[in-house]
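The values are calculated or read from the model by the stated rules, or taken from the named source; none is laboratory data. Predicted model, so just to flag it, every value in this text is computed and none were measured. Using ideal geometry, Cβ is built from the backbone for each residue, glycine included, and neighbour counts are taken over all protein chains shown. Only protein heavy atoms, including side chains, enter the accessible area calculation; ligands, DNA and RNA are left aside. Shrake-Rupley method; radii C 1.70, N 1.55, O 1.52, S 1.80 Å.
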Amino acid sequence: MSYKPTHSYLKKRISLFIIDIIASAYNTIVTEKDFIVNTTKPEFTGDYTVVLFSLTKKLNTNIKDLATNLGEHLLQNYSDVIASHNLTGAFLNISITESHLLNFLNVEYANSTYSKKPFHGKKVMVEYSSPNTNKPLHLGHLRNNFLGYSIAEIYKWNGYDVFTSCIVNDRGMHICKSMLAWQKWGNGKTPSDTNQKGDHFVGDYYVLFASALKQEIAELQQHGLTEKEAEQKSLLMQEVQKMLVLWEQGDAGIMQLWNMMNGWVYEGFDFTYKKIGTTFDRTYYESKTYLLGKKFVEDGLQEKKFFKKEDHSVWTDLTKYGLDEKLLLRKDGTSVYITQDLGLAENKFNDFAYNTSIYVVGDEQNYHFQVLKIILQQLEKPYANGVYHLSYGMVELPSGKMKSREGTVVDADDLIAEMTTIAKQHSIELGKIDAFNEEQLERLSFTIGMAALKFYLLRVDPKKKMIFNPEESIDFHGFTGPFIQYTYARICSIIDKNNAPITADENTVFLSSLEKELLLEIDLMPHIFEQSLAENNPSLVAVYAYTVAKKFNAFYAQHPILQAENEAIKKMRLRLATFVSYVLKNCAHALGFELPEKM
RNA sequence: GAUCUCGUAGCUCAGUUGGAUAGAGCGACAGCCUUCUAAGCUGUAGGUCAUUGGUUCGAAUCCAAUCGGGAUCACCA
């Protein structure tokens, strides 16, 4: 009759019980996939429900016999967990014993790392953020950063050895564009001259180039050229291409310009990364990995896995995978995007010997990563199969895609500042933090604003695109980060106000149905984190944290802990509150935001 | 054109991988602050799950077609 802290949640244990019973009573092997265990709908009595349809078919028996049989065996063999059962239709509803739940609570409530898996040595590399050094970060990058950070934390929680990395796209055509623009129209100005963050400063020159190019192409089109022809004929584009070749040759002047401008950008990025709490175990630079990629292409060419066209460009034929031919090296010998990713994969494997390598990159690059994996397989790299693209949808505005050229980009720095300001206004209006000094208020506002922002971006399934309406500011009420924070702060205050030691016999306690629900919810935490990892989807954790917090608030709004009818119940509720606070804290940690003890 | 993807309440999103009468938040409306934090709680209204057909005990979920949005198919990254 004692609870064993196995972290094996009830839903799973019930499945295993049933597999066991069927093996002995029916002499048949079934697996967890042969039947379903659900949480029971509120209108029926019970906690978990086994759906019997598929089992009756498999066992060639009728529902009633099977239900009676299962029910009896459950009660006999697992009486410490199973209290009772009833059958409605083909749904076998099972109730969990109160003693099991109370034991669970009493053993685990003080376990601040409840549901955390022990280290098992499997290595995961998570690459995320991956900025371009030609423009500042925007809302889409924030989704990427928060996703990458969160998924790394979820892997850690599940016992993985995690190594985070960032690839900086610091070279290529787009970088040359902003360099050329600065060379032409910058008049030697620096970010401090215009009092701008470095990334914003450089980004402005990228936009400047884009509009100049657009104008030039429009003029050429008036002379009867198609858009594509115009782009090829464009003097600006030709200059950019020349600059790229010079860059790859290591031209001293170009390198100096490149280093200077990238330096400005990094300064700006560092500021933003620090704010949003993004860190990497290692930063890779495309400028340093692309040469290795070129070598791989040469290797593949030698081994006749790739082929060269008449103009000296190098390709691989992917038609047998249902894809097209793919360019690997341009005719002028310079490398393309995928070339550097080949080198990068090798570098990452040499540095970390990963089992799995996750790339957090937008879904517009699904094709790219499909191709990358195939090419690595063509090259017979041992790490090829571990490549996984964590593809996420774009963040769009109600009017459609964000476009930097049209000025419809939601800038990351601006948004962070705005969230902090709103949080501050709320805090002052509510008047709860009057005792705070200016610095504490600033810190709290930032913590709350960031939680709102992070939760907002993480609560949605990553693979779906999401719509952000700048007209309506991000909410601080309801299904939000601040709601989790609020609940946590309340619990802290409850515990704080009860210093008096309580001694009572726990066995006299009875759980209300809501408390039971809350405990069953907490019991599910290991399952949620496993699922979240299996799907590479932090939104499950966000939803979970909200559900737990919601249930806590719902019950304790009406049943005050400190006014409980007797000491035993008070003690039990304090323990439950503590347990909830740990769960919330761990969820928040996985989602990358802080929980203040007072707000 | 080809491939992929999405379509659920006025808006933003869930929906436990095929299970019972489809759920939250926001917004709207009605209540609740002399008792642990009202960034909260309780209630009401709001749905032909894009459409049509199929598969079966059972479909928002699987299959097909249609309509509608988006992405990719670059010597951009």
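Structure notes:
- About the Cα centre, charge dipole magnitude for region A:376-477 (Lys/Arg +1, Asp/Glu -1 at Cβ), debye: 660
- Sequence-distant aspartates and glutamates (8 or more away, or on other chains) whose Cα lies within less than 13 Å of A:Lys348: A:Glu127, A:Asp281, A:Glu286
- Probing with 1.4 Å while keeping every protein chain in the model, the per residue accessible area of chain A equals 47 Å².
- This model, with +1 at the C-beta of Lys and Arg and -1 at the C-beta of Asp and Glu, gives chain A a dipole about its Cα centre of some 800 debye.
- The protection proxy used here, the mean number of other Cβ atoms lying within 10 Å of each residue, ranks peptides A:233-240, A:145-152, A:352-359, A:134-141 as follows, highest first: A:145-152, A:134-141, A:352-359, A:233-240.
- For region A:1-92, applying the loop criterion from DSSP together with a ceiling of 15 other beta carbons within 10 Å to the chymotrypsin sites (Phe, Trp or Tyr not before Pro) yields A:Phe44.
- Packing-based order for A:407-416, A:320-329, using average beta carbon neighbours within 10 Å, highest first: A:407-416, A:320-329
- Part-to-part distance (alpha-carbon centres) for region A:38-83 and region A:438-461, which is given in Å: 45
- In summary, the aspartates and glutamates within cross-link reach of A:Lys228, defined as a Cα separation below 19 angstrom excluding same-chain residues under 8 places away, comprise A:Glu216, A:Glu219, A:Glu239.
- Residue among A:Ile448, A:Val460, A:His426 farthest towards the positive dipole end of region A:407-482, charges placed on Cβ: A:Val460
- Chain A, accessible surface, carbon-and-sulfur percent (1.4 angstrom probe): 50
- For the peptides A:455-467, A:423-435, the ranking by packing is A:455-467, A:423-435, with the highest mean count of neighbouring Cβ atoms within 10 Å listed first.
- Taking label positions 7 Å along the Cα-Cβ direction at both A:Lys11 and A:Phe510, the computed distance is 2.9 nm, reported to one decimal.
- Dipole of chain A [Lys/Arg +1, Asp/Glu -1 at C-beta], most positive-end residue of A:Thr578, A:Ala212, A:Met525: A:Met525
- Point-charge dipole on Cβ atoms (K/R +1, D/E -1) for region A:304-395, about Cα centre, debye to 20: 260
- The phi-based Karplus calculation (6.51 cos²θ - 1.76 cosθ + 1.60; θ = phi - 60°) puts the 3J(HN,Hα) values of region A:160-166 at 8, 8, 10, 10, 9, 9, 9 Hz, whole numbers, x for Gly and Pro.
- Accessible-area ranking of A:Trp185, A:Trp258, largest first, probe 1.4 Å: A:Trp185, A:Trp258
- Largest to smallest principal axis extent of the C-alpha atoms in region A:206-355, angstrom: 56, 47, 34
- Label zone of A:Leu246 (point 7 Å out along Cα→Cβ, amide N under 17 Å): in region A:259-280 this covers A:259-262.
- Cleavage-rule hits (trypsin sites (Lys or Arg not before Pro)) in region A:54-129: DSSP loop, at most 16 neighbouring Cβ within 10 angstrom: A:Lys122
- Each of A:Gln302, A:Gly250, A:Leu415 was placed along the dipole of chain A (beta-carbon charges, centred on the mean Cα), and the one lying farthest toward the positive end is A:Gln302.
- Only protein heavy atoms count here; on that basis, with a 1.4 Å probe, A:Thr61 has an accessible area of about 40 Å².
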